[in-house]
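To start, the structure itself, in structure tokens.
The values are calculated or read from the model by the stated rules, or taken from the named source; none is laboratory data. Values in this document were obtained by computation on a predicted structure and should not be read as measured data. FYI the Cβ positions are ideal-geometry reconstructions off the backbone, even for glycines, and counts take in every protein chain you see.
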Amino acid sequence: MASALKDAIEDATETTVWPCASLAEAEAEIGRGGVAFVIAGVASADIDSMTMLKRFNDLKIPVLVYCDHPLDDAFAVFRPLLIGHVARTEPDALDRLLAIVTRMVENSVFKILVVDDTTSARSMLSSLLTMRQFQVFEARSGQAALKIMAAHQNEIDLVITDYHMPDMDGHELTQRIRALRSSEELRIIGISASSDRTLSAQFLKAGASDFLYRPFVLEELQCRIDNNIETLKQLKRLKYFAERDSLTSLSNRRHFFEIGRQRAREAQRHNLESAIAILDIDHFKKVNDTYGHEAGDTVLKAVAGLLSRFAEKGPHVAARLGGEEFVLYLQGVKGKSAFEFCNAILAAISATQIPVNAHTLSVTASIGVADIEHGETFENYLNAADQFLYMAKNKGRNRVYCEGVMLGLY
């Protein structure tokens, strides 16, 4: 069983699993450090099982129980330690166990802010979240929470806030957070011991994603947190795929126009240098006609990968416009520096050997570059870059063409 679980978990999560046949082996592994949580096989509420769970509790190691039957009241004392339990008799037991383990592994990338002016309540929530592998921040007031949000811009994924606080209540804090971040980017769970049953509606109207009254059932709180994080994951996945070209994983045309307009406005507002470059793979139709469309796709992905690496050298954006045509928003460069940057791209493309079936292909490309100046629309810059691309092709391809080249400046 341990060997089968090890293989299944490592295949599903790319994490390392140490099978241990005894409590002594498990303690030795925990002592070496690096153990995030334990999956413990529990036969029943016998002396050995209870001793094992008590020892993990003393070591403050979270436990996922894999048992023969649903947990009974004898295990209640260990519930704060348990991250979940799965009965082996369930028909989908292994799938459920893998889902919990995968969630625990994925939790490590999420940041949660706990806001409560009561130290004990704040510590309890923080301990619960840390046990479930989240990155946790704490604030004892609304103002402190907003400072943490400002210091970690766009990084906080979930805020859990109490209602009663000294400087501002949780309702106001929720409104102020929502003015900064949408529910697609950040989830908010309100908590209160108030007897006012309308408070939940007030929180939800202010922009909270969820609400619980104290005293709450610990497992319910865990489920609410998991559900909100899962919603956030799904929203982020949908956003990612809506913005990506399915073949190359670069930004797609729609997303490039959205982000490009935004970057161009910022560049003009702050007087920053920037440029637009449109790239077209030379004689791409010949690749498709000679080697097939699958080979063409391989070439497109190779060029896209190279453009992505060049975009990472600065705050640039690379996208696929369609077919064999790509576009780059170049931030912080224009004129000769943009010309040289694009020449480096062409040199890298022509030097790339692309394996296709039993062949190795090399391709070239042409680029048109237009500097972003004041007073023009984003579409005009794209049209100018497209005109320069046409001139690059007309001049023999495998070259960069821009205003500086046209005027003989470089």
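What to note about this one:
- The listed residue being assigned to a loop (DSSP other than H, G, I, E, B), out of contact with any His (no Cβ under 6 Å at 6 or more places or on another chain) and closer than 22 Å to Cys223 by Cβ, out of Gln153, Gln133: Gln133
- Of the residues Thr377, Thr360, the single one that is assigned by TED's automatic domain parsing to the domain that holds Ser337 and more than 33 Å from the chain's Cα centre (by Cα) is Thr360.
- Options Phe211, Phe216; residue that is within 27 Å of His85 (Cα to Cα), free of Cβ contacts under 8 Å to residues at least 60 places away in the same chain, assigned to a loop (DSSP other than H, G, I, E, B) and not assigned by TED's automatic domain parsing to the domain that holds Val38: Phe216
- Complete set of residues in region 135-174 that are free of Cβ contacts under 8 Å to residues at least 40 places away in the same chain, closer than 25 Å to Gly84 by Cα and in contact with a helix residue (DSSP H, G or I) (Cβ under 6 Å, 6 or more places away or on another chain): Val136, Phe137, Glu138
- Among the residues making up region 388-404, those that are in a loop (DSSP other than H, G, I, E, B) and either surrounded by fewer than 17 Cβ atoms within 10 Å (Cβ to Cβ) or among the polar types (S, T, N, Q) (or both) are Lys395, Gly396, Arg397, Asn398.
- Of all residues in region 303-316, those being aliphatic (A, V, I, L, M) and surrounded by 21 or more Cβ atoms within 10 Å (Cβ to Cβ) number 2.
- Subset of region 333-367 (residues that are in a strand (DSSP E or B), out of contact with any Phe, Trp or Tyr (no Cβ under 6 Å at 6 or more places or on another chain) and farther than 21 Å from Gln387 by Cα): Ile354, Pro355, His359, Thr360, Leu361
- For region 360-387, the set of residues classified as at pLDDT 95 or above, crowded, with 23+ Cβ neighbours inside 10 Å and of a type in the set (A, V, I, L, M, F, W, C) consists of Ala365, Ile367, Val369, Ala370, Ala385, listed by residue number.
- Matching entry among Ile156, Ile160, Ile100 (being closer than 21 Å to Asp226 by Cβ, β-branched (Val, Ile, Thr) and in contact with a Lys or Arg (Cβ under 7 Å, 6 or more places away or on another chain)): Ile156
- Residue match in region 161-178 (condition: part of a helix (DSSP H, G or I) and aromatic (Phe, Trp, Tyr)): no
- From Val35, Val42, residue being within 15 Å of Val86 (Cβ to Cβ) and surrounded by 11 or more Cβ atoms within 10 Å (Cβ to Cβ): Val42
- Of all positions in region 20-36, none carries a residue that is in contact (Cβ under 8 Å) with a residue 40 or more places away in the chain and more than 30 Å from Val217 (Cα to Cα).
Quick grid of which residues meet (1) part of a helix (DSSP H, G or I); (2) touching a strand residue (DSSP E or B) at 6+ places or on another chain (Cβ under 8 Å); (3) buried (at least 20 other Cβ atoms within 10 Å of the Cβ):
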| site | (1), (2), (3) |
| --- | --- |
| Ala242 | yes, no, no |
| Ser249 | no, no, no |
| Phe257 | yes, no, no |
| Asn271 | no, no, no |
| Leu279 | no, yes, yes |
| Asn288 | yes, no, no |
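- Taken over region 98-110, the criterion of being surrounded by 16 or more Cβ atoms within 10 Å (Cβ to Cβ) and of a type outside the set (A, V, I, L, M) is satisfied by Arg103, Asn107, Phe110.
- Where helices (runs of 4 or more DSSP H) sit wholly within region 13-124, those with at least 2 residues that are among the basic types (Lys, Arg) and at pLDDT 85 or above occupy 47-58, 93-107.
- Long-range neighbours under 6 Å by Cβ, at least six apart or interchain, first residue of a type in the set (Ser, Thr, Tyr) and assigned to a strand (DSSP E or B) within region 317-332, second modelled with pLDDT of 95 or more and surrounded by fewer than 24 Cβ atoms within 10 Å (Cβ to Cβ): Tyr329/Val317
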